[in-house]
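This report refers to the structure that appears directly beneath it.
The values are calculated or read from the model by the stated rules, or taken from the named source; none is laboratory data. Fair warning: this is a prediction, and the values are worked out from it, not measured in the lab. No Cβ is skipped: glycine too gets one built from the backbone with ideal geometry, and neighbour counts run over all protein chains shown. Accessible surface areas use protein heavy atoms only, side chains included; no ligands, DNA or RNA. Shrake-Rupley method; radii C 1.70, N 1.55, O 1.52, S 1.80 Å.
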Amino acid sequence: MFSQVLSARHDPVARILNVDLVAVLVAALLPWSTSGVAIVMIVWLVALVYTLEVRPFLASLRRPVCMLPIALVVLAAVGTLWSDAPWGVRLYALSPVTKLLALPLLLYHFERTKRGLWVFAAFLISCTLLMAVSWLVLLDPGLSLKHGDAERGIFVKNYIDQSQEFALCAVALVYPIVILLRDRKNRQALLLIAISVSFIVNMTFVVVSRTALVTMPVMLAVFALMHLKWRTNVILFAGTVVLAALAWTASPQLQATTEKFTRDYRIYKELNQPTSIGVRLEFYRKSLHFFAEAPLIGHGTGSTRGLFEAAATGPAVLAAGQVIGNPHNQTLNVAVQWGSVGVVILYAMWLVHLLLFRGEGLVAWIGLMVVLQNFFSSLFNSHLFDFHEGWMYVLGVGVAGGAMLRENFGKAAREPGSAVRS
């Protein structure tokens, strides 16, 4: 393989391999580094350019799975024209959206190659290593790279990003575990069970985000409805309730996380204090008012912070006086800036990407979980535009979606009369 990598200058097959390997490196870096992902993605784009076939690539852009992310970026770019924010703020708000432009490129490339699972394997291995380091940081907080405001068991980044990674890996492993058990490959199944359970145990006893607590049951419920019989679902549901109760009883960290829901809401309502839930409710209420003021095309790219500054009442230490450029809800984030037009494009994109993964198989399952996790977690955050969760979505949908497009094209080619239709 090493000699093939070095022969890329003269060998088109080697050039494709190099693009695959750089994508694997991006996936491996994603749990650990922000700047590393940005730098290596630029390398990936440069490597991809040397493999592009112009006509097939342009033809691929006409598909809805590619057109809708591009449309959202174009709307954000055009939205800078009617925004009242300073130009520096407008361009800064445009930047998080532009990562969606990588989606058509990833879909195009991974429709040509069968190495998509390498990318997912790299992400799983990297997250497993991070999980092991998380336990070490729990035992010795001095090992964390985040000093001063370091969170419990966090080596890099933050507990929200880490929980999103661990939750996705834990749920994504359920499908191959079931398949391996059905095929009586018990050793491989036990290994994956151990890894999946380790992620869950880490989230139970070290740290977990409340968003992960909401999204994981939904993802598991989708698996049960799609792949298990109703009697099995009843048994698993009862078992899950019992295990969840035992985990909550045994984990002070999990108890503190769940109890914080009601405590934060009560403090917000009674004292107008800026708790996590309180400020979100305040952001949602004000964002709906901003949307009602400009329901069609919104207030423009980067306008959110200025609107919150004008609507702030009282000192900044109170919930009503909080100012932010992100309302912590993906739909409202889009609605405030680009109105109903933006919301329609956003939901159309989610729907089209979701329908892309209707088939059977591991890749379809991974893609489905990536879309579902992003959709439900975006009810509480703007995860599509956040760097880490946004790249999880772009990379997951791009790689898995390309594989599904290749598979669907192969099925169409095998159908009777397909040669005539094409």
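What to note about this one:
- Each Lys or Arg adds one and each Asp or Glu takes one away; over the other residues whose Cβ falls under 15 Å from the Cβ of P69, this sums to +3.
- Rounded FRET efficiency, nearest 0.05, which uses the C-beta distance separating L190 from A292 and R0 of 51 Å: 0.40
- The translational diffusion coefficient of region 72-175, from Stokes-Einstein at 20 °C and 1.002 mPa s with a Kirkwood hydrodynamic radius over alpha carbon pairs, comes to 125 µm²/s.
- Relative contact order, percent, region 131-206 [alpha-carbon distance under 8 Å, six or more residues apart]: 29
- Test item: Cα-centred dipole of region 138-211, Lys/Arg +1 and Asp/Glu -1 on Cβ, debye: 380
- Pair A59, V43: separation of 7 Å Cα→Cβ label points (nm): 3.3
- Phi angles of region 54-59 translate, via the Karplus equation with coefficients 6.51, -1.76, 1.60 and θ = phi - 60°, into HN-Hα couplings of 4, 5, x, 5, 5, 5 Hz per residue; Gly and Pro are given as x.
- Computed log₁₀ I(q)/I(0) - Debye formula, equal Cα scatterers, no solvent, region 5-88, q 0.12 Å⁻¹: -0.57
- In Å², nearest 10: area of K157 left accessible to a 1.4 Å probe: 30
- Computed extension gain for L181 through V344, at 0.36 nm per residue and net of the alpha carbon distance, reaches 54.5 nm.
- If you take all other residues with their beta carbon under 15 Å from the beta carbon of L168, and give Lys and Arg +1 and Asp and Glu -1, the sum is -3.
- Spacing of the two label points (7 Å from each Cα toward its C-beta) at L81 and L101, in nm: 1.8
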